[in-house]
1. Please verify whether the range 36-45 includes one or more residues that are assigned to a loop (DSSP other than H, G, I, E, B), modelled with pLDDT of 90 or more and more than 16 Å from the ligand (Cβ to nearest atom).
2. From the residues in the range 1-23 that are of a type in the set (A, V, I, L, M) and modelled with pLDDT under 90, which one is nearest to the chain's Cα centre (by Cα)?
3. Can you name the residue in the range 76-110 that is more than 9 Å from the ligand (Cβ to nearest atom) and closer than 12 Å to GLY64 by Cβ and is also nearest to the chain's Cα centre (by Cα) among such residues?
4. Within the range 8-32, how many residues turn out to be surrounded by 13 or more Cβ atoms within 10 Å (Cβ to Cβ) and part of a helix (DSSP H, G or I)?
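The values are calculated or read from the model by the stated rules, or taken from the named source; none is laboratory data. If you're wondering where the values come from, they're calculated on a predicted model, not measured in any experiment. Cβ placement follows ideal geometry from the backbone for every residue including glycine, while neighbour counts extend to all protein chains displayed.
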Amino acid sequence: MEATETGWTDERVEKLRQLWGQGMSASEIADLLGGVTRNAVIGKAHRLGLSGRPSPIKKKPSKGATILSLTERMCKWPVGDPKSPDFHFCGKSALPGLPYCAEHAALAYQPAKKRDDERKLGVA
Ligand SMILES: [Zn+2]
């Protein structure tokens, strides 16, 4: 006979699954369901096999390089706002003799139309 099992109707179990899946804390779920303790919610969730829920905390993207991890052979194309903590460098393997990967070298060295200011300077 287990007191914590009382009150777990199918409906409430389903609700628990949903809220748990949304990353709610056990105490929040207990409050919402009512009539159960935080411990009862945790116990039930474990018995339902819900303990391995995905963390609501967003993982930092592991892609890209920071100024500290950047090496000679990595693409140094800046990505994002330099003032933002998300700022990083492309970090893909750079083309031989170039500071950028193929993709960014194409962007950096695209055969742009001859720069007007250069021409003007030459003529004047
Ligand atoms: Zn790149």
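1. Yes, the range 36-45 has at least one match.
2. Only one residue tops the list, namely ALA3.
3. ASP86
4. 14
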